[in-house]
1. Contact list please: Cβ distance under 7 Å, first residue in region 57-77 and aromatic (Phe, Trp, Tyr), second residue loosely packed, with under 14 Cβ neighbours inside 10 Å, pairs at least six apart or on different chains.
2. Among Phe59, Phe29, Phe40, Phe33, which is the only one that is among the aromatic types (Phe, Trp, Tyr) and within 30 Å of Lys98 (Cα to Cα)?
3. For region 74-93, state whether one or more residues are more than 30 Å from Phe132 (Cβ to Cβ), in a strand (DSSP E or B) and charged (D, E, K, R).
4. Quick one: which of Phe40, Phe9, Phe33, Phe59 is within 22 Å of Gln114 (Cβ to Cβ) and not in a loop (DSSP other than H, G, I, E, B)?
5. Out of Phe15, Phe40, Phe100, Phe29, report the one residue that is more than 30 Å from Val125 (Cβ to Cβ) and loosely packed, with under 14 Cβ neighbours inside 10 Å.
6. Within region 108-129, track down each residue that is β-branched (Val, Ile, Thr) and either modelled with pLDDT under 90 or touching an Asp or Glu at 6+ places or on another chain (Cβ under 7 Å) (or both).
7. Mind listing just one residue for me: the one in region 103-121 that is without any contact (Cβ under 8 Å) to a residue 24 or more places away in the chain and closer than 17 Å to Ile51 by Cβ and, of those, surrounded by the most Cβ atoms within 10 Å (Cβ to Cβ)?
8. For residues that are part of a strand (DSSP E or B) and out of contact with any Phe, Trp or Tyr (no Cβ under 7 Å at 6 or more places or on another chain), tally how many sit in region 105-126.
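The values are calculated or read from the model by the stated rules, or taken from the named source; none is laboratory data. Computed from a prediction, not measured in an experiment: that's the story for all the values here. Note: ideal-geometry Cβ built from the backbone for every residue, glycine included; neighbour counts use all protein chains shown.
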Amino acid sequence: MYKAREPKFLWILLFVMSLFYAIYQVNPFTILFIVLAVLFLMIMFSHYTLIIDENTLIFKYNLGRMTLIQRKVTADSINKITFITSSRQTIALVQLQKGFRLKLHRFQPVDFIQDLKEFADEHEVQTEETSFLKQSK
């Protein structure tokens, strides 16, 4: 099982700005800014879980201990997996035959990419690798 968290800086910044506007704005939008501040605070405590089983990928979006979204993707429903490598991380885009694609990144431990490649090889899923690293001459 692999876990990933949202980066906190952006959400803290948005939370503080929303709180600032809620306190200093005296108009009908005050409630909107309070709701946004609560939403940003909740997002700060969210995390993702990825489970790679024998025949399925299970992606869960959790808020605290509560699972909000769970997607089970079987190997049959995967069109292609694209691995994009940059200097900081590798991102996997799982393109499905039906529905939205899954963007998998920030998971710890980092070896989830290797397990995903093994999953694709085992189930004969088409893969593509792209790199944004500078090529030496």
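1. What qualifies is Tyr61/Leu68; Tyr61/Ile69.
2. Values: Phe29 fails: within 30 Å of Lys98 (Cα to Cα); Phe40 fails: within 30 Å of Lys98 (Cα to Cα); Phe33 fails: within 30 Å of Lys98 (Cα to Cα).
Result: Phe59 is the single residue among Phe59, Phe29, Phe40, Phe33 that is among the aromatic types (Phe, Trp, Tyr) and within 30 Å of Lys98 (Cα to Cα).
3. Going residue by residue through region 74-93, those that are more than 30 Å from Phe132 (Cβ to Cβ) are 74, 76.
Next cut, in a strand (DSSP E or B) only: 74.
Okay, now just the ones that are also charged (D, E, K, R), so none.
Checked region 74-93: no residue is more than 30 Å from Phe132 (Cβ to Cβ), in a strand (DSSP E or B) and charged (D, E, K, R).
4. Values: Phe40 fails: within 22 Å of Gln114 (Cβ to Cβ); Phe9 fails: within 22 Å of Gln114 (Cβ to Cβ); Phe33 fails: within 22 Å of Gln114 (Cβ to Cβ).
Just a single option satisfies the conditions, and that option is Phe59.
5. On the way: Phe15 fails: loosely packed, with under 14 Cβ neighbours inside 10 Å; Phe40 fails: loosely packed, with under 14 Cβ neighbours inside 10 Å; Phe100 fails: more than 30 Å from Val125 (Cβ to Cβ).
Exactly one residue qualifies, and that residue is Phe29.
6. Quick first cut of region 108-129, residues β-branched (Val, Ile, Thr) only: 110, 113, 125, 127.
Within region 108-129, just Val110 meets the criteria.
7. First, pick out the residues of region 103-121 that are without any contact (Cβ under 8 Å) to a residue 24 or more places away in the chain: 103, 110-111, 114, 118, 121.
Next, only the ones that are closer than 17 Å to Ile51 by Cβ stay: 103, 110-111, 114, 118.
Working: Lys103: 13, Val110: 11, Asp111: 10, Gln114: 11, Glu118: 11.
If we take residues in region 103-121 being without any contact (Cβ under 8 Å) to a residue 24 or more places away in the chain and closer than 17 Å to Ile51 by Cβ, then Lys103 is surrounded by the most Cβ atoms within 10 Å (Cβ to Cβ).
8. The initial filter retains those residues of region 105-126 that are part of a strand (DSSP E or B), namely 108, 126.
Filter once more, so that each one left must be out of contact with any Phe, Trp or Tyr (no Cβ under 7 Å at 6 or more places or on another chain): 126.
The qualifying residues number 1.
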